[in-house]
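Notes to accompany the following structure.
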Amino acid sequence: MSPEQVGEIRLTGISASSGICIGKAYLVDRDGVDVVKRYLVPKERLNDEIKRFKAAVKKAMNEVRSVIDRTPEDLREHALILETHLVLLKDKMLYNRTLDIIEEKRFNAEWALRTVVGNVKGMFAKMADPYLKARVADIEHVSDLILRNLVGANSIKIAEIDKRVILVAHDLSPSETSQIQLERIMGFVTDRGGKASHTGIIAQALGIPAVLGLDTASRIVKNDDIIIVDGSEGVLIVNPDEQTLLRYEERRIRYERFRAAMTRDSHLPAETVDGFRLKVMGNIELPEEVVSVIDNGGDGIGLYRTEFQYLSRSDFPTEFELYDKYRDVVEVMAPLPVTIRTLDINGDKAVSYMSGEGEEANPALGLRAIRYCLKKPQVFKTQLRAILRASAHGNVRVMFPMITSLSEVKAAKRLLAESAASLEKEGVPFNRGIETGIMIEVPSAVVMADVLAREVDFFSIGTNDLIQYTLAIDRGNQEVAHLYHPLHPAIIRMLNHLSKVAAKTGVKLFMCGEMAGDPMNVPIMLGLGLEELSMNPRSMPVVKSMIRSLNREEACAFFRKVLEETSSAEITRLIQDSYGGIVSKKFQVPVDGNEW
Ligand code: PEP
Ligand code: MG
């Protein structure tokens with residue numbers, strides 16, 4: 001779309017990572033691949049069409065071969081998948097059938113291929129064998145490769161983008177998002193994705209503005225369009241007029257200044273005016289993010305999401321590979337604690353080489369996290385041994401995700417004890433008194449909290465999943481994102497219950513979900529008596545600053561009032577009425593944030 005043709009377009013989505021960026025759009029998506037044109041080829045041009053198809057397949061084969069050649073030895077298994085793609089590219093079912101259709105029906109190559117792929121996918125989907133079912137993804141992959149060559153579209157190679165741009169995509173997986181290079185990518189927007197999705201969490205970790213769930217952005221925006229991404233408000237402006245540009249440039253500068261001011265004070269302790277001290281910790285996905293935790297004044301790492309070491313590769317990492325990564329983090333942070341969460345795989349972070357289990361209709365309710373680990377004790381023990389080894393180098397805690405019952409905690413602890421015993425036997429040093437905790441992120445764990453408390457040293461409340469499972473809202477689905485309410489009274493009551501259990505049993509109570517990183521929630525956190533809040537490192541300075549301006553005793557009284565409210569809207573209003581003034585004065589923004 002050129003500025004002369006169309007005026008400014010404003011789209012509203014879900015705010016995933018705050019900040020503002022202004023720049024040129026780069027469509028990383030299935031441009032030209034999703035919508036395939038259909039036309040009849042004149043008889044005299046049939047030969048050319050066949051040649052065009054063959055050339056596209058040949059190019060795709062060369063592309064796959066060159067990736068195979070560049071695949072290092074230790075990723076041989078990945079190369080094997082690519083070898084399968086090579087075979088599929090010339091498979092009779094795909095290749096010959098497409099050529100037949102071009103000849104018989106005189107369809108253009110793109111449409112002929114699309115027709116054949118549709119039939120083949122239909123056939124595979126009916127097969128009972130989960131392995132064959134899973135091959136549908138391979139067929140889609142090779143047909144995309146051919147289509148891209150036919151329509152001349154780019155493939156998604158985020159790591160290779162060499163200009164400063166803003167990404168516009170239909171969807172980005174957590175592993176694609178983690179390939180983003182900060183020097184080049186200013187921000188991104190996607191059609192899909194919901195509140196607290198892992199893609200949004202990574203955007204926050206990277207510190208770039210992001211808006212998700214825009215629905216039609218990748219169809220409306222064209223390459224090189226000038227766009228504004230307002231990650232704080234969840235707004236995308238395409239082809240802005242001059243006034244809008246000026247206004248947003250001003251806001252961008254103001255936002256940068258505000259961040260700089262916050263960061264300057266981030267080393268100050270998170271202590272309320274009446275002397276109550278909280279620990280503000282960082283959530284990390286990759287070892288490199290430790291720097292950001294330290295720079296933003298973190299008191300340790302409250303959540304180290306370890307699954308990213310299992311993504312973007314073709315086999316399971318070894319004990320030593322994991323140990324190396326954990327040790328780096330632990331040594332840099334020592335003597336501050338590092339809470340290593342065991343593998344929380346599947347859900348929205350599926351790993352291709354683990355897909356032998358067959359496709360799951362409801363991954364969020366499926367073989368995820370601790371369930372997967374208990375089913376694969378070898379994979380689990382490899383990780384537990386690596387964590388224990390790392391514990392010899394600093395202050396390590398181990399934390400189990402997605403706990404729903406006492407038996408799961410006991411089983412996980414048994415495997416931890418077995419891993420410790422094997423290291424002991426081998427004479428490998430580790431911390432015998434390693435602190436052990438669980439994530440409270442499923443309603444059954446809240447209900448059973450008093451029983452679970454007997455087994456562990458700490459609870460860490462994972463509000464992202466707790467909200468998802470309590471309110472039955474898929475955290476990655478933009479259609480229901482408006483119903484995702486951290487301040488829903490049901491959530492508040494659960495938090496209150498956990499706080500009481502903690503006071504009674506002495507189990508330590510932390511929070512590491514996104515809810516902990518919102519300064520407006522700080523009065524509630526104080527009222528709950530949480531000892532530690534763990535969040536995206538970039539949220540730490542703002543949350544610490546908020547803590548420093550509040551009185552704990554007042555917050556406790558305030559929380560009692562919150563408990564009497566019966567809707568999220570009322571609770572939100574109560575917070576705004578009681579604390580909005582402090583927030584807007586302190587952070588120089590109106591409470592609703594409109595003036596960012
Ligand atoms: C959570 O569920 O709140 C959490 C912190 O874990 P994750 O976002 O990785 O599921
Ligand atoms: Mg979770």
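Quick notes on this one:
- Three-way shape call for the range 241-292 based on the alpha-carbon gyration tensor, with the a/c threshold at 1.5: oblate
- Inter-centroid distance (Cα atoms) of the range 373-417 relative to the range 217-274, Å: 40
- Report note on the peptides 91-98, 261-268: ranked by the mean count of other C-beta atoms within 10 Å, highest first, their order is 91-98, 261-268.
- When each of K54/K105; K43/K222; K37/K59; K163/K544 is checked by Cα-Cα distance, pairs over 29 Å: K43/K222; K163/K544
- Listed by chain and number, the lysines whose C-alpha is less than 21 Å from the C-alpha of K500, apart from same-chain residues fewer than 8 away, are K279, K508, K561.
- For K325, a cut-off of 14 angstrom between C-alpha atoms picks up these aspartates and glutamates, skipping any fewer than 8 places away in its own chain: E285, E288, E289, E307.
- Proximal lysines relative to K126, as straight alpha-carbon distance under 25 Å, when same-chain residues fewer than 8 apart are discounted: K90, K92
- Residue by residue, the range 36-44 carries 3J(HN,Hα) couplings of 9, 6, 10, 8, 8, 8, x, 3, 5 Hz when phi is fed to the Karplus relation 6.51 cos²θ - 1.76 cosθ + 1.60 (θ = phi - 60°); x denotes Gly or Pro.
- Each residue of the range 501-507 was assigned a 3J(HN,Hα) from its phi angle through the Karplus curve 6.51 cos²θ - 1.76 cosθ + 1.60 (θ = phi - 60°); the sequence is 4, 4, 4, 7, 9, x, 5 Hz, with glycine and proline shown as x.
- Estimated Rh, the chain: Kirkwood, alpha-carbon pairs, angstrom: 26.0
- Exposure of M123 as accessible area (Å², to 10), given a probe of 1.4 Å and all protein chains: 100
- Magnitude of the charge dipole, the chain, Cβ model with Lys/Arg +1 and Asp/Glu -1, debye to 20: 760
- What the phi angles of the range 210-220 give under the Karplus curve with 6.51, -1.76 and 1.60, with θ = phi - 60°, is a coupling list of 8, 10, 10, x, 7, 6, 10, 3, 5, 8, 7 Hz, glycine and proline written as x.
- Per-residue packing, averaged as other Cβ atoms within 10 Å, sorts the ranges 494-500, 413-419, 511-517, 388-394 into the order 511-517, 388-394, 494-500, 413-419, beginning with the highest.
- Rolling a 1.4 Å probe over the protein chains gives D100 an accessible area of about 60 Å².
- Computed helical MRE - 222 nm, the chain, DSSP H runs ≥ 4 contributing -39500 (n - 2.57), nearest 500: -14500 deg cm²/dmol
- Solvent-accessible heavy-atom area per residue, rounded to whole Å², over the chain at 1.4 Å: 44
- Note on the range 372-525: with charges restricted to the Cβ of Lys and Arg (+1) and Asp and Glu (-1), its dipole about the Cα centre is near 560 debye.
- Packing, as the average of other Cβ atoms within 10 Å across residues, places the peptides 270-280, 109-119 in the order 109-119, 270-280, highest first.
- Cross-link table K410/K504; K425/K504; K504/K585, entries beyond 28 Å C-alpha to C-alpha: K425/K504; K504/K585
- For M281, the residues whose modelled amide H falls within less than 5 Å of its own, excluding neighbours fewer than 5 places apart on the same chain, are D299, L533, S534, M535.
- Within the accessible area of the chain (1.4 Å probe), percent carbon and sulfur: 51
- Cα pair distances exceeding 31 angstrom across the range 265-587, given as percent: 30
The values are calculated or read from the model by the stated rules, or taken from the named source; none is laboratory data. All figures in this text were calculated on a predicted structure; none of them were measured in a lab. For neighbour counting, all protein chains shown are included, and Cβ atoms are generated from backbone atoms with ideal geometry for every residue, glycine included. Note: areas computed on protein heavy atoms with side chains; ligands, DNA, RNA excluded. Shrake-Rupley method; radii C 1.70, N 1.55, O 1.52, S 1.80 Å.
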